[in-house]
Each structure stands twice: as C-alpha cells, then as structure tokens.
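Novice: Before I ask anything, here is the structure I am working with.
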Amino acid sequence: QLQLQESGPGLVKPSETLSLTCNVSGGSITSSSDHWGWIRQSPGKGLEWIGDMYYSGSTDLKPSLKSRVTISVDTSKNQFSLKLTSVTAADTAVYYCVRHDLVGDWFDPWGQGTLVTVSS
Amino acid sequence: QSVLTQPPSVSGAPGQRVTISCTGTSSNIGANFDVHWFQQLPGTAPKLLIYNNNNRPSGVPDRFSGSKSGTSASLAITGLQAEDEADYYCQSYDSSLSAYVFGTGTKVTVL
C-alpha cells in the first residue's frame, strides 16, 4: 500500500527558504504513470496546488508560485522534495505531499501533512 | 482564492440525503475537465472520495455519488451517518490558470 510521509522544519523565518521532503514507501517513485506533487492548505486560501514532478525531472508548477518553487526527486532514496524561497506569513500552511495519477488526473494518496509556520 | 464555489455548510439528520454543489466556469468544469471529490475528517489529510466525476475508489461506500453537468458538479450522500461529518472539497483543472484548482470546501454536519 502506497504511503507518503512529509518531513522538515516546522518553523521558517520570513524571507528564508522552506524545505520539505516526502518519503515514498510501498511503491516506486519511478512509476511511469505517476507524478509526485505538493499541495498546501491554509485557513485563508483553502487547498492550493503547488506543483508536480515526474521522476525524470520534468515539472509542472503553479504559474503564480513558479518563480519561488523547486521540486526535485532523489530516486535512490525514493523521495522528492519541495523548496519555496522568500517565504512570508502568507506561506504558513499545512503542506501535503501527494501522488498525482497521470491517467486519471487525481491526487491519491496524500501524506499526513506537516504544518509550516513562517515567523521570526 | 478558490475558483470552484461550494456552500460553506450543509446539514442533515441521520439517514437523510444531502447534496453539495461545486460551481465552476467555462475554463474548468465547463471545459470538460473531470471533477474529483475529497473527504477530510477532522485532523486528517484529504482522502479521495469520488474520481472522474462519478467513480468511487475501492472501499468508499456506495452512499456517496457524484455527478457533473455544464459548469457544475455535485456530491450526494444518501443515508447520512455520523461518521460522514467532515469537510468535502471538489477539484478540477483550470485551463486559464494552468493549474489544478479546489473548491472552497463544505462542512457536513449530522444533526
């Protein structure tokens, strides 16, 4: 059974870089039918898709966040990562890593989520 | 800011039927992009409930059903149960935003 687990700092200072890692277990990150992505949830903006990546390295990022987002993969560790630069309080949210099924275009499963607070 | 609009809350007594609407535009639901639904129980991550408008993943009770027409979609819960108290979100793709988008979310309360 495929499972995803986020990890990373829960507190990031304004203007710094948010970095999270998602560990994938019960399946391979090199699956040809899957993208791997990040979604965040904040009280003010609800659920927001951040972006996806394919294990080859190609990415699909939300245009309004594209300039600040990097999603990368480490196939040797079956992990993928998110970096969000120049964070502000508006980036405070629960961050979820997800599998994005390319055939059906849905997000499933989701990791349990990790709260990241941007504050000095 | 969500581009798919849902009612903030719906409620019903046990055993009743409730429906949740998801209203989009011609650049998302109306552009024939599929709609998916997620259930988020308190303190947990969203879970896929309905995919491709009206399909249930394995393990999802047949009390849950989805439909889509024009620029809107709906989720119906029949035979409402206490365990159905949760937040529900629709999701689709928006071609003008070039992004996957979610609904504003609906809280279901079982009276």
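Nothing in this text is a laboratory measurement; each read-out follows from the coordinates by a stated rule. Quantities reported herein were computed from a predicted structural model and do not represent experimental measurements. Backbone-built Cβ (ideal geometry, glycine too); neighbour counts: all protein chains shown.
Novice: Which residue, A:LEU65, A:LEU47, A:SER76, has the largest displacement toward the positive end of the dipole of the stretch A:37-101 when charges sit on each Cβ (Lys, Arg +1; Asp, Glu -1)?
Specialist: After comparing all options, I get A:LEU65.
Novice: Also, quick follow-up: Only sites in a loop by DSSP and with at most 15 other Cβ atoms within 10 Å count here; which trypsin sites (Lys or Arg not before Pro) in the stretch B:28-111 make the cut?
Specialist: B:ARG63
Novice: Another question, then. Tell me, what is the percent relative contact order of chain A, built from C-alpha pairs under 8 Å that lie six or more residues apart? Don't skip to the end; give the middle numbers.
Specialist: Values: 292 pairs, mean separation 42.7, N = 120.
Computed value for chain A: 36 percent relative contact order.
Novice: On to the next question. Convex hull over the Cα atoms of chain A, averaged projected area in nm²?
Specialist: Dividing the Cα hull surface by four gives the mean projection, 6.9 nm².
Novice: Straight-line reach from B:LYS68: which lysines have a Cα under 16 Å away, not including same-chain ones fewer than 8 places off?
Specialist: Partners found: none.
Novice: If you don't mind, there's one more thing I want to ask. Any idea what the relative contact order of the stretch A:1-68 is, in percent, if you count C-alpha pairs under 8 Å spaced at least 6 apart? Intermediate results must be reported in sequence, preceding the final value.
Specialist: Numbers: 79 pairs, mean separation 15.1, N = 68.
Taking the mean separation of contacting Cα pairs over the length of the stretch A:1-68, I get 22 percent.
Novice: Please compute the contact order of chain B in relative form: average sequence separation of alpha-carbon pairs under 8 Å and at least six residues apart, divided by the residue count, as a percent.
Specialist: Result for chain B is 38 percent.
Novice: Could you compute how fast chain B diffuses translationally, taking Rh as the Kirkwood radius over C-alpha pairs and applying Stokes-Einstein at 25 °C with viscosity 0.890 mPa s? Give it in µm² per second.
Specialist: 178
Novice: Next up: Mind checking which of A:SER67, A:SER76, A:SER56 has the largest fluctuation in a GNM of chain A, springs on alpha carbons under 10 Å?
Specialist: Answer for the Gaussian network model of chain A: A:SER76.
Novice: Separation between the B:SER9 and A:THR75 pseudo-spin-labels, each 7 Å from Cα along Cα→Cβ, expressed in nm?
Specialist: Those two pseudo-labels are separated by 5.0 nm.
Novice: A further question on this structure: Taking the Cα of A:ARG68, stepping 7 Å toward and past its beta carbon, and measuring to each backbone N in the stretch A:13-29: which are under 11 Å?
Specialist: A:14-18
Novice: Taking the alpha-carbon distance from A:LYS66 and a cut-off under 17 Å, which lysines remain once sequence neighbours fewer than 8 residues away in the same chain are dropped?
Specialist: A:LYS83
Novice: Need one value for A:105-116: mean number of C-beta atoms belonging to other chains within 10 Å of its residues' C-beta atoms.
Specialist: Counting other chains' Cβ atoms within 10 Å and averaging over A:105-116 gives 5.
Novice: Could you work out the Kirkwood radius for the stretch A:66-120, taking every pair of different alpha carbons, averaging 1/r and inverting it, reported in Å? Before the final figure, lay out the partial values.
Specialist: On the way: mean 1/r = 0.0763 Å⁻¹.
One over the average 1/r among Cα pairs gives 13.1 Å for the stretch A:66-120.
Novice: In chain A, with Lys and Arg counted as +1 and Asp and Glu as -1 at Cβ, which of these residues, A:HIS35, A:GLN1, A:VAL87, has the Cα nearest the positive end of the dipole, that is, farthest along it?
Specialist: Value computed over the given set: A:VAL87.
Novice: Hey, in the GNM for chain B with a 10 angstrom Cα cutoff, which one of B:SER74, B:SER58, B:SER11 fluctuates hardest?
Specialist: Among B:SER74, B:SER58, B:SER11, the largest GNM mean-square fluctuation belongs to B:SER58.
Novice: Once you treat every alpha carbon in the protein assembly as shown as an equal point and sum by Debye, what is log10 I(q)/I(0) at q = 0.10, 0.11, 0.15, 0.18 Å⁻¹?
Specialist: The Debye formula, applied to the Cα set alone, gives -0.45, -0.55, -1.01, -1.37.
Novice: Another question, if that's okay. Report ³J(HN,Hα) in whole Hz for each residue of the stretch B:60-76, in order, from the Karplus equation J = 6.51 cos²θ - 1.76 cosθ + 1.60 where θ = phi - 60°; Gly and Pro get x.
Specialist: Result, rounded to whole Hz: 7, x, 6, 5, 9, 9, x, 8, 8, 7, x, 9, 9, 9, 9, 10, 10.
Novice: Then there is this: Mind checking the full-extension length gain between A:GLN112 and A:SER15? Use 0.36 nm per residue of separation minus the Cα-Cα distance, one decimal, nm.
Specialist: Answer, rounded to one decimal: 32.3 nm.
Novice: Name the residue, out of A:GLY26, A:GLY51, A:GLY37, whose mean-square fluctuation peaks in a Gaussian network model built on chain A with Cα pairs under 10 Å.
Specialist: Result: A:GLY26 has the largest fluctuation of those listed.
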